[in-house]
Structure formats: structure tokens, C-alpha cells
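See below for the structure under consideration.
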Amino acid sequence: MSSVIHAVNLKIGYSPDSILGEIDNLEIEQGEIVSIVGESGIGKTTFLKSIARLVNPISGTLKVFDTEGVSARGVIGYIPQKLGLIKHETVYSNVLEGAICNESILRSISGFHEEKVIDKVKETIELMNLSDKIDEPVKRLSGGQQRRVAIARTIAQGPKLILADEFLSELDDKTVENVWKSMLEYVTSNNTTLVIVEHNIERARLAERCFKLEKNEESDYSILSEVKI
Amino acid sequence: MNIARRKYPIFLTFILFTTYLIFVDLVDGNWASLENSLENLSRFFRESLWPPNWKVIEARSYPSCERSWDFLCSPAYIGIMETLKIAFVSTGFGFIISLPLATLASRNLYSDSIAIPFRFLLAAMRTLPSIIWAIFFVILVGLGPVSGVLAMTFYTVGYLGKLQYETIEGLSNDPLDAAKAMGLKNSEMIQRVVIPETANNLISQLFFMFEYNVRHGSVIGIVGAGGIGYYISTYLKFLQYDKVIALLIILFFVVIAIDLISIKARSYFVDDATFKSPSLFGNIFRAKK
């Protein structure tokens, strides 16, 4: 198995004056399902954003798909905590946004998408059991349905690494089961790496490996370590 | 909480007292000028303004009217139509120019080194009111509606650009983060995320700007930039105040009509819009819940 995320002596945060966390050594392989747990404000989201290069690491090495810069287009799918959907657009338009991530801007403006792109969007919407909501604006959907739209957008993108920030929060157990099942179907069949951030230990147990960000007495910031849960 | 509440009367008293002092300073001891003001207004209204002279809705004596309905050759119709055309074209041009500038001025899309110069540019464009731009363009391209269009386009770019970049900056970071993580460039994010996400507000602002430009279109005509303001200015020069009041009454009803249509149209585009849009008069007279 090849390494997807490789971090050594990594310090994360928004500025050198306010380091949030440190990762001594981390190796996540292709196809693994990993969860990161920790208290609120400990730096879990910042770590996820650092992997997606939305926040630059303060020091150390962070390689994603063997590169320290921005990863190749479309290989990372990021599901923010608040999902990042375009609320007044339809389910179809939101999922299409993921599917056309490799399309040129001219084709995208023209609105003439390839047949296979449109088929992929429809397939993904069907996979998430949202076919009956395809033309509904996202703002009219329930929390669980919106989460499924966010997953559909990411799946339609076809990423090799999915970073999901508390994407199972605020859902009832039944919906968690359905949403998780849909996600699992995709990652196992496509050998995709999934990194989820969770503050709920029960949900974090759904992953194969679990890491915890927590503060120790010697340091002002949190340290990432693998835990058995 | 109680301390904060007690501050309000003190603050209001301070504001009222300061306002009074500044007013006294502006009057500069010339209180006599205010003494007969009401009587003067009443006399001016009776002798010069009322009744309005409705000849403004009759055909002009020259050039001769070749249309079937005299009103279509009247100064009121020609002036209002020209004002509407100037407002429409300059709002359209202004929108097309301001949107790219507003995205460049948005600090959540571009770094300060790019955003700040564009903010200065937009601020500079709206620092001068449209009437000053009109004077400038009348000198540059001469009297007529073209200078009006140019003046109002410039002002629209400055004003609309500010509204637009504030809307863009008000966007939630999450959709932008998701798009950035996908690897989209700024130009792609603008096309695929920023414009769809802000479209309702941008269209609503466009309608607002059109309304605004119709109102100001009547002012810029006074300096020769076309529209109904040109006729108002001409009648003022010849002391035909009864014709001026007639044109102002017509303009008032046109502005009200545009306002009503605009409110109705905007109600379909604001975020909490329902498919059953509220009634026209309900929009104006009912308090927002």
C-alpha cells in the first residue's frame, strides 16, 4: 500500500504565535479509514484543513500524495462541518459542482457538459437515495438529506482522499447508519482513503484506526497519537 | 444592563444639544431669515407652483408631432423615457463592470495587496456624486444622454461594486473551502461558487440600483446630461415653476411605480422568498415580521 498522508514533526495552527497541535509521525495508507478525535477547539479541523492545504503548516513535513504543495486537481474531497453546499441551488446543481471539477471553465460556463458527467451525477444522486429530490433546492431538505448531498458532491468528484469534518454530527442514529453505509460503499469500492474528524467517540469507532489530539502537561499545544477505542 | 440603559438618555441629550449648537453656529445670528419662511413658502406655493401647468403632457410646438397620441411628443413623456433609458443602460453597464472589480476587491478571494487597490478604485468612483460625474462628462462629450449614461455608469460601478464585494465577503467560508480543496482556481470558484451563492443578492441589488438611477437620472439632467432633468432645468431658468411642479408630480408617480415593480421583482430573489410573493402594497405598508 502507498502512503497518502505522511507527516513528520508537523506543527499546525494559524500563526507561529498560536500553534494548535503537533504531529510527530503519521502515516495513512491508501484505502484506510481513519478518525481523529479530541475536544472542541483542540485543532482537529485545522489539521484537516492543513491536509487540504486550506491552512499552511507552520513547520515540519506534510506530504499528501507525495507532494508538499497543492495536490493534483480533484484528488481531495473535503466535506466541511457545515457542508459548504450552495443552499438555494438544487441537489443536481450541487452534485454537478463536484462532477465538473476537472472541466474547463469555458465548458462549465457554456453549460454543455459531457454525457458521462451528467450520467455520473444522476448515478451518485441515486446512490444517495436522493433521486426524488433531484430538483429540490438544498435549503428545503432535512439535515440528513443535506449531508447526503454533500457526500454525493464529493463522490461525484471521484477523489482518492476524502476529508470529512464532523459530517455525522446532528444526525439521529438511523440517519448516521444510512449516511455511513453510503460513504463506506464508495470508499471500499474505490480504494479511497477516508479521514473523519469526530468529537463523538461512538462514531469515531466506525473507523479502522483512530487518532486523538490532546494536550499534555509538557506542551502548550495538543499532540496527535494513535489510540485504541 | 441597567447602566447601559441609563446611558441612552444621556447619549440622546448629548446628541440633541450638539445638534442645536451646530445649528446655531450655521445660522450665524441671522434668525430674521427664518422668521417669514413659512409665509414665503405659502406665497410661493399659491402664486407660482399651484395649480400645476399640465401643458407638459401636451405635444411640443416644435418639432411637429407625427405620432397618433400627443402625449408621446410631450416634454414629460420624452424626458421620463430618456431618464428611464439612461438609468437602464447605465445600470446594465455598471453591473457588467462592477462585478469583476468587486470580486477582485473581496478579501476572502484575493490577498490584501490585490483587494485594497480595487477597493480604493471603487471608493474613488463613488466619492463623486453622479451630478459631478455628469458635469465632467458634459464637458468631455457634450450635452445629451451619452454624458448621462457615462456619468451614471461610473457612479453605479462605485456604488454597486461596494454592495457586491460586501455580499461576497459575507459568504460562508465552507463552500469556498470545499471548492479550494477540490483544486479550483479563483476564477473557477467565482463562476461555480461565488456567483451562484450570491446570485439572489446580486440581482436584488441590481433592481435597487436601477431604482436609484431613475431617481438620480432626474438630477443629472439639470447639468445637461439628458432626461427629465433637462426640462426641469429649462423651466426653472424661465421661472415656469408651475411646469416644474407638474413634471415633479409625474416623476413622483413614475418613481413610485418603479419602486413597486422593483419590490415585487426583488421579492422573488431574496433568500427567504416564497413562491407566493407578497402583494405590492403589503410590501410597502406592512411591517416586516
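The values are calculated or read from the model by the stated rules, or taken from the named source; none is laboratory data. None of these values were measured; they are calculated from a predicted model. Here the Cβ positions follow ideal geometry from the backbone for every residue, glycine too, while neighbour counts run over all protein chains shown. These area figures cover heavy atoms from the full protein model, side chains too; ligands, DNA and RNA do not enter into them. Shrake-Rupley method; radii C 1.70, N 1.55, O 1.52, S 1.80 Å.
Listing for the model above:
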| item | result |
| --- | --- |
| Long-range HN-HN contacts of residue A:79 with modeled amide H, under 5 Å | A:163, A:164, A:165 |
| Cross-link partners of residue A:133 among aspartates and glutamates (Cα-Cα below 17 Å; sequence separation of 8 or more within a chain) | A:89, A:97, A:119, A:123 |
| Selection of GluC sites (Glu not before Pro), the range A:51-121, meeting DSSP coil and at most 14 other Cβ within 10 Å | A:68, A:114 |
| Phi-based couplings in Hz for the range B:151-162 (Karplus 6.51, -1.76, 1.60; Gly and Pro marked x) | 4, 6, 5, 4, 5, 4, 4, x, 6, 5, x, 5 |
| Average Cα contact separation per residue, chain B, under 8 Å, 6 or more apart, as relative contact order % | 22 |
| Cβ charges +1 (Lys, Arg) and -1 (Asp, Glu), total dipole of the range A:84-158, debye | 340 |
| Positive-end residue of B:137, B:230, B:24, charge dipole of chain B with Cβ unit charges | B:24 |
| Computed magnitude of the charge dipole of the protein assembly as shown (debye, nearest 20; Cβ of K, R +1, Cβ of D, E -1) | 1560 |
| For residue A:211, residues with placed amide H under 5 Å, excluding near neighbours | A:35, A:36, A:37, A:227 |
| At R0 = 22 Å, FRET efficiency that the Cβ-Cβ distance of residue B:187 and residue A:117 yields, to 0.05 | 0.65 |
| Cα-centre dipole for chain B with unit charges at Cβ (Lys and Arg positive, Asp and Glu negative), debye to 20 | 440 |
| Distance from the range B:119-167 to the range A:1-51 (C-alpha centre basis), Å | 50 |
| Surface per residue (accessible, 1.4 Å probe) for the range A:37-152, Å² | 45 |
| The protein assembly as shown, accessible surface, carbon-and-sulfur percent (1.4 angstrom probe) | 59 |
| The range B:1-116: C-alpha gyration tensor shape, a/c 1.5 cut-off, then a/b vs b/c | oblate |
| Rounded to 5, percent antiparallel among DSSP beta bridges of chain A | 55 |
| Degrees, to the nearest 10: A:115-127 long Cα axis against longest axis of chain A | 70 |
| The protein assembly as shown - mean residue ellipticity at 222 nm from DSSP helices (-39,500 (n - 2.57) per run, n ≥ 4, rounded to 500) | -17000 deg cm²/dmol |
| Residue A:113 accessible area, assembled protein chains, probe 1.4 Å, Å² | 40 |
| Whether the range B:70-285 is rounded, prolate or oblate, judged on the alpha carbon gyration tensor where a/c under 1.5 counts as rounded | oblate |
| Buried on assembly, the range B:171-206 (at least 50 Å² less accessible surface than by itself, 1.4 Å probe) | B:174, B:177, B:178, B:181, B:182, B:191, B:192, B:196, B:197 |
| Accessible area buried at the A-B interface, both sides summed, 1.4 Å probe (Å², nearest 100) | 2000 |
| Under 27 Å from the Cα of residue A:11 - lysines, other chains or at least 8 residues apart | A:44, A:49, A:63, A:82, A:160, A:212, A:215, A:228, B:180, B:185 |
| Straight-distance crosslink candidates among lysines, where the alpha carbon sits under 28 Å from residue B:55 and sequence neighbours closer than 8 are dropped | B:85, B:237, B:243 |
| Residue A:139 accessible area, 1.4 Å probe, all protein chains in place, Å² to nearest 10 | 90 |
| Bridge type composition, the protein assembly as shown - antiparallel percent by DSSP, nearest 5 | 55 |
